[in-house]
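Below is one structure, written out as structure tokens; comments come after it.
FYI, it's all coordinate maths here, none of it is from the lab. A quick note: this is a predicted structure, and the numbers were derived from the prediction, not measured. Cβ: placed from backbone, ideal geometry, glycine included. Neighbour counts: every protein chain shown.
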Amino acid sequence: MFPYTAPVRDLRFVLEELLEHRSLALPGFEEVSPDLVEAVLEEAAKLAGGVWGPLNASGDQQGCTRHEDGGVTLPDGFIEAYRAYVEGGWNGIGVSEALGGQGLPEVVASSVQEMLHGANMALGLCPMLTAGAIEALAHHGSHALKETYLPKLVEGSWTGTMNLTEPQAGSDLSKVRTRAVPCPDEEGDHYRLFGQKIFITWGEHEAAENIIHLVLARTPDAPEGNKGISLFLVPKYLVTEPLINDDGSLGERNDVVCASIEHKLGIHGSPTCTLSFGESEGAIGYLVGEKGRGLNHMFTMMNEARHKVGIQGIGVAERASQHAFAYALDRVQGKARGTEVTISEHLDVRRMLLSMRARTDALRALALYCAAQLDVARHGGAGEREVAQARADVLIPVVKSFSTDQAVDIASMGVQVHGGMGFIEETGAAQLLRDARIAPIYEGTNGIQALDLAGRKLQRDGGAALAGLIEEVEATASELRDSSELATMGESLAAGAADLQAAMAVVLEQGRDPQRGPDAIQAYATPFLNLAGHVLCAWQMGQSALKASAAQAAGSNEPFYQAKLAAADFALRQWLPVGRANRSVIEAGMASLQDFDVTLP
């Protein structure tokens with residue numbers, strides 16, 4: 001596998017030129033300078049490329065091992081790499097200073113996350129879940145829970161997990177059966193949990209001193225359905241007062257054990273566990289937030305995680321692109337103009353390479369634009385916050401779903417660039433495809449993300465938030481058309497914006513129909529999200545073209561800007577037209593889906 005190099009130059013381009021470091025002007029970031037951000041990116045790149053990246057292939061080959069006592073051994077080097085991350089203070093960079101973090105903007109934290117996932121997706125999953133646990137506990141935990149658990153979670157010496165899925169309760173969490181039984185008053189203010197959770201990422205390991213499980217369960221008096229579910233904090237090791245015993249150890253082991261680990265298509269270095277709660281007297285857990293509102297509270301964690309899964313996909317896409325470029329520049333095959341050449345000289349290979357680069361850059365720009373909206377939603381003025389949050393709510397399902405679907409396609413194209421060698425595990429291209437394939441599934445399948453966008457998000461405001469984004473797309477298209485060199489890009493982007501506007505009108509109109517509405521949203525959700533993803537990513541590449549053109553006009557001859565213009569031209573004039581076909585899919589209606597007899601061979 002070729003070594004990974006963090007894409008610091010392109011990350012800086014997005015933060016400095018596309019987003020113009022607007023997050024740094026928000027209240028709370030007065031001490032964060034562009035120079036500090038650049039230093040953070042450079043140091044994160046060293047950790048990603050020098051410490052995490054070299055373990056990617058070996059971690060995949062070695063995988064995790066579960067022992068008879070339920071303990072799990074990680075691949076060689078993973079514990080040391082995670083601890084290097086913790087000791088460097090990376091776990092808290094996006095957490096507020098009030099909670100013990102470094103208080104950097106979300107756009108910076110997301111940039112670092114991309115590097116880590118690109119370097120080693122399996123290892124990157126551990127802090128990603130911890131970040132979600134911090135978010136959920138900070139928003140919904142009691143003062144006592146936050147005081148006891150947040151400092152160590154923010155530090156990274158304790159890690160967090162999210163426990164939703166059960167064998168009979170996948171996407172439909174109303175079927176959760178794990179029980180939470182109140183303890184007698186003399187035992188204290190806690191519950192004992194009994195049940196089983198599956199697919200728990202980093203559910204057991206020895207990289208951290210403790211693991212804090214956030215678990216969905218039902219109390220004895222809970223009604224059936226979603227309203228009967230509560231959220232509980234269940235530590236692997238009980239936390240005593242003071243937090244550690246005199247000998248420096250935590251309290252006794254809680255009644256939660258790893259019953260098995262999954263044997264997966266990819267991310268072999270990430271222990272995906274079946275956790276059994278209450279095989280003895282019950283796992284001690286503490287109620288987080290209000291009883292019966294566990295799903296609402298957990299969605300705080302899931303929303304954080306969904307944006308980061310999109311970032312994760314982009315990281316793998318970046319590594320797949322780097323891998324393909326390196327191989328294409330090295331592999332001699334065929335002739336051009338009578339001379340033996342590397343395969344990078346063949347235009348069909350160049351088509352694949354440029355497609356990989358253009359799409360990865362576009363996805364990154366959109367994901368960081370979404371992160372910037374989250375910064376405004378958390379730190380902006382009263383009027384700005386609501387608008388930014390509405391935009392982020394629309395963008396998160398697009399970032400999660402579109403980025404991860406594209407990452408799978410980009411990684412698959414990377415295998416194709418390698419030819420037969422791509423199908424051989426030793427080259428490393430296959431691992432990236434295997435790793436990327438989980439991202440469209442977890443944290444809410446991409447079909448669920450599409451339903452969220454076309455149903456809940458679009459219908460609740462009549463498309464107002466998305467319409468605001470389309471207006472910005474149209475403004476960028478107009479600016480491109482004003483430039484003789486970029487006018488054809490502007491025409492393509494304007495056509496894409498018109499398609500998205502028309503498709504939104506169809507989804508809104510039919511979605512309101514009392515009879516057809518639910519079926520229409522089900523039928524149109526995925527093509528609608530794909531159309532939105534193509535148009536919004538093309539918008540970001542249109543912005544990139546304007547910035548690159550301006551830099552060249554100002555006298556820059558940096559090759560980066562020429563490459564950016566080539567990527568933007570490909571994205572707007574060759575990739576976007578493919579995505580625009582989703583309008584035709586929506587306008588074709590849903591009769592074929594309704595009439596299809598699934599019992600036929």
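Observations on the model:
- Spatial separation of Cα centroids for the range 421-497 and the range 139-160, in angstrom: 35
- Judged by the ratio a/c of the largest to the smallest principal axis of the C-alpha gyration tensor, the range 160-241 counts as oblate, that ratio being 1.5 or greater while a/b is no larger than b/c.
- Measuring how big the range 347-485 is from its alpha-carbon positions, Rg and Dmax come out at 18.3, 57 Å.
- Relative contact order for the range 457-595, counting Cα pairs under 8 Å that sit 6 or more residues apart, in percent: 29
- Summarising the amide proton neighbourhood of residue 333: residues at separation of 5 or more, or on other chains, whose placed amide H is nearer than 5 Å comprise 341, 342, 343.
- Listed by chain and number, the lysines whose C-alpha is less than 16 Å from the C-alpha of residue 547, apart from same-chain residues fewer than 8 away, are 564.
- Shape category assigned to the range 1-94 from the gyration tensor of Cα positions, a/c cut at 1.5: prolate
- Distances between placed amide hydrogens fall under 5 Å for residue 260 paired with 274, all partners being 5 or more residues away or on another chain.
- Charge tally in the Cβ shell below 10 Å around residue 266, where Lys, Arg are +1 and Asp, Glu are -1, residue 266 excluded: +1
- In degrees, nearest ten, helix 576-587 long axis to first principal axis of the chain (Cα): 70
- Under a 5 Å amide H cut-off, with hydrogens placed 1.01 Å from N, residue 293 pairs with 231 among residues at least 5 apart or on other chains.
- With contacts taken as Cα pairs under 8 Å at a separation of at least 6 residues, the range 1-160 carries a relative contact order of 24 percent.
- Taking every C-alpha pair closer than 8 Å and separated by at least 6 residues, the mean separation divided by the residue count of the chain gives a relative contact order of 13 percent.
- Helix 464-481 and the long axis of the chain differ in direction by around 30°, with both axes built from C-alpha atoms.
- Binned Cα-Cα distances of the range 271-345, short to long, each 10 Å bin given as a whole percent: 14, 19, 22, 15, 12, 10, 7, 2
- Hypothetical label at residue 456: residues of the range 156-200 whose amide nitrogen lies under 14 Å (7 Å Cα-Cβ projection): 171-174
- Computed from Cα atoms, the angle from the helix 294-330 axis to the main principal axis of the chain rounds to 50 degrees.
- Straight-distance crosslink candidates among aspartates and glutamates, where the alpha carbon sits under 16 Å from residue 146 and sequence neighbours closer than 8 are dropped: 97, 135, 155, 189, 241, 290
- Global form of the range 393-550, assessed from the alpha-carbon gyration tensor, a/c cut-off 1.5: oblate
- Each of residue 296 and residue 346 was given a label point 7 Å from its Cα along the Cα-to-Cβ line. The distance between the two points is 5.9 nm.
- Sorting the segments 506-514, 592-600 by their mean number of nearby beta carbons within 10 angstrom, highest to lowest, gives 506-514, 592-600.
- Report note on the peptides 579-589, 315-325: ranked by the mean count of other C-beta atoms within 10 Å, highest first, their order is 315-325, 579-589.
- The mean of 1/r over all distinct Cα pairs in the chain, once inverted, gives the Kirkwood hydrodynamic radius of 25.1 Å.
- For the chain, with +1 on Lys and Arg beta carbons and -1 on Asp and Glu, the positive-most of 577, 263, 424 along the dipole: 577
- Summed side-chain charge close to residue 570 - residues other than residue 570 whose Cβ falls under 13 Å, Lys, Arg +1, Asp, Glu -1: +4
- For the range 307-369 versus the range 1-65, the inter-centroid distance based on Cα atoms is 20 Å.
- Each listed q (0.13, 0.18 Å⁻¹) maps to a log10 I(q)/I(0) for the range 457-595 from the Debye sum over equal C-alpha point scatterers, namely -0.59, -0.93.
- Neighbour-count ranking [beta-carbon atoms within 10 angstrom, fewest first] of 403, 544, 492: 492, 544, 403
- Computed from phi, the 3J(HN,Hα) profile of the range 67-76 under the Karplus parametrisation 6.51, -1.76, 1.60 (θ = phi - 60°) reads 9, 4, 7, x, x, 10, 9, 7, x, 4 Hz, with x in place of Gly and Pro.
- If you take all other residues with their beta carbon under 15 Å from the beta carbon of residue 434, and give Lys and Arg +1 and Asp and Glu -1, the sum is -3.
- Sorting 67-80, 355-368 by their mean Cβ neighbour count within 10 Å, with the most densely packed peptide first, gives 355-368, 67-80.
- Phi to ³J(HN,Hα) by Karplus 6.51 cos²θ - 1.76 cosθ + 1.60 over the range 20-31, Hz, x for Gly, Pro: 6, 6, 5, 4, 5, 8, 7, x, x, 10, 4, 8
- Largest-first principal axis extents, alpha carbons of the range 308-411, Å: 66, 20, 16
- Extension gain from residue 67 to residue 80, taking 0.36 nm per residue of separation minus the Cα-Cα distance: 2.6 nm
- Evaluating 6.51 cos²θ - 1.76 cosθ + 1.60 at θ = phi - 60° for every residue in the range 107-112, the Karplus couplings come out as 4, 6, 4, 5, 5, 5 Hz, glycine and proline recorded as x.
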